[in-house]
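Bear in mind these aren't lab numbers, they're just calculated from the coordinates by the rules spelled out. In this text, all values refer to a predicted model and were calculated from it rather than measured experimentally. With ideal geometry, Cβ positions are generated from the backbone for all residues, glycine too; neighbour counts draw on all protein chains shown.
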Amino acid sequence: MMTQHPLVADYLARLASAAEGLPAQEARELISDITDHLDVGLNATSTPADVRNLLDRLGHPEELVSTLGAAPVSPRSWDGRAALIASVGLVGFVAAEFAHANLRLALTLWVIGIVATWVTPLWSARQRIVATVVHGSGLGLAWVCYHVALRYIRANSDCARQTIDAFQDVRARIEQITALCGPDMTGFNRAYLGLGGLLLLIQIATAVWLLQSFRTEGRKS
Amino acid sequence: MVPNDAAVAQLRRGVLEHCVLALLEGEERYGYDLVTELSSAGLLASEGTMYPLLSRLRKEDLVATTWQDSPNGPPRRYYSLTPGGKEAVASFRDSWTQFKSSVDTILEGRKS
């Protein structure tokens, strides 16, 4: 079997990925026909030049697939867009978490994250679900963290309670509590940053896992 | 050497499937064999496109396939003409003869 020759294996791999746009049956047949052709055309005495010659004469895998009337899957062109949408989704989720104190802005970013995650052709169904569950819940968890910490500091520091009641705007609240009640803030910061940091780590780990697809897809082209 | 200019490429595309059918007249052949023959006749620009063509011909029920053992190596897929395929070759042969003589007349006429 000469189909194990690296050049041949590479050609067949390109063919297989170009044929992904074809109906399964047609793709299988095309790959099996081409494999048989290579099997018959090459033997143990074939030189690398023979192999190259035979492959050149076969033509580009993408060309063969388009002869069957389907646009070959071309990861390069589609991927750029897919990867961009996927990145917007991830950035949207992470930004939403950072913006959790401003709920309206955070929700807008979160919706962008969800839409991009489900629109990009880059992720598989499993990846979409993981992204939605882990990243989608991130904003909610961050918001809960913030309110747990807020409740804690309210219960434990008179200064903080007065400041919180005095400032409606969330950003002003945090700034003012930090400015006015410095030493009392230790508990708040510990709870808030501790839980928030843990959450962020989980988010980053998931994002890294998702980003593996960029590499896998890139290899196909 | 395969002639490469656009006009020839277009002609080749037009006649290729009928040449395939004609090669199958009277005998079964396997894919590689068909490909090498058409390729050395200068009728195939890229050999691989032959397989999608064969699979289309099979879908259109102009050729049929059977798997047959080969003396060395795995079994091969052999192609043969269906009754529909035979008809298609016969009708193309008529059209081609007419077409060829029309074109010849014009080409010869211009030359003299």
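Enter the mean number of other protein chain beta carbons within 10 Å of the beta carbon of each residue in B:69-75, as an integer.
Numbers: counts 0, 3, 0, 2, 5, 5, 1.
Rounded to a whole number, the mean comes out at 2.
Work out the mean other chain Cβ neighbour count within 10 Å for the residues of B:40-52 and drop it here as an integer.
Values: counts 0, 0, 0, 0, 2, 3, 8, 10, 16, 7, 7, 12, 14.
The per-residue average across the peptide is 6.
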request  = Would you mind checking which residues have amide H under 5 Å from residue B:29's amide H? H placed 1.01 Å from N; only 5 or more apart, or other chain.
outcome  = B:79
Distance in nm between pseudo-label sites at residue B:10 and residue A:180 (7 Å out along the Cβ direction from Cα) = 8.4 nm
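Explain nothing, just the number: relative contact order of chain B, from Cα pairs under 8 Å at least 6 residues apart, as a whole percent. Please report the intermediate quantities before stating the final value.
Numbers: 98 pairs, mean separation 30.0, N = 112.
Over chain B, the number comes to 27 percent.
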request  = Be a star and scan the range A:1-40 for residues whose amide nitrogen sits under 17 Å from the point 7 Å along the Cα-to-Cβ vector of residue A:50.
outcome  = A:1-9, A:36-40
message = Quick check: the angle from helix B:50-59's long axis to the longest principal axis of chain B, C-alpha only, nearest 10 degrees?
response = 80 degrees
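In nm², what is the average projected area of the convex hull enclosing the Cα atoms of chain B? Don't jump to the answer; show the numbers that get you there.
Details: hull surface 33.9 nm².
The directionally averaged projection comes out at 8.5 nm².
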note = Ranked from fewest to most other Cβ atoms within 10 Å of their own Cβ, B:100, B:86 fall in the order B:100, B:86
request  = Arrange the peptides A:46-52, B:41-47 so that the one whose residues have, on average, the most other Cβ atoms within 10 Å appears first.
outcome  = B:41-47, A:46-52
key: Phi to ³J(HN,Hα) by Karplus 6.51 cos²θ - 1.76 cosθ + 1.60 over the range A:11-28, Hz, x for Gly, Pro   = 4, 5, 5, 5, 4, 4, 6, 5, 7, 4, x, 7, x, 3, 4, 5, 4, 4
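Within the P(r) computed for the protein assembly as shown, what percentage of the Cα pairs occupies the region above 29 Å? Mind dumping the intermediate values first?
Numbers: 33081 of 55278 pairs.
Looking at the protein assembly as shown, the distances longer than 29 Å represent 60 percent of pairs.
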task = Give me the angle, in degrees from 0 to 90, between the Cα long axis of helix B:31-40 and the longest principal axis of the Cα atoms of chain B, rounded to the nearest 10.
result = 30 degrees
key: Extent along principal axes [Cα atoms of the range B:1-60; Å; largest to smallest]   = 32, 22, 19
note = Computed over chain B: longest principal axis from alpha-carbon atoms vs helix B:6-23 long axis, angle to nearest 10 degrees, is 50 degrees
query = What is the spin-label model distance, in nm, from residue A:7 to residue B:87 if the labels are put 7 Å beyond Cα along the C-beta direction?
reply = 4.5 nm
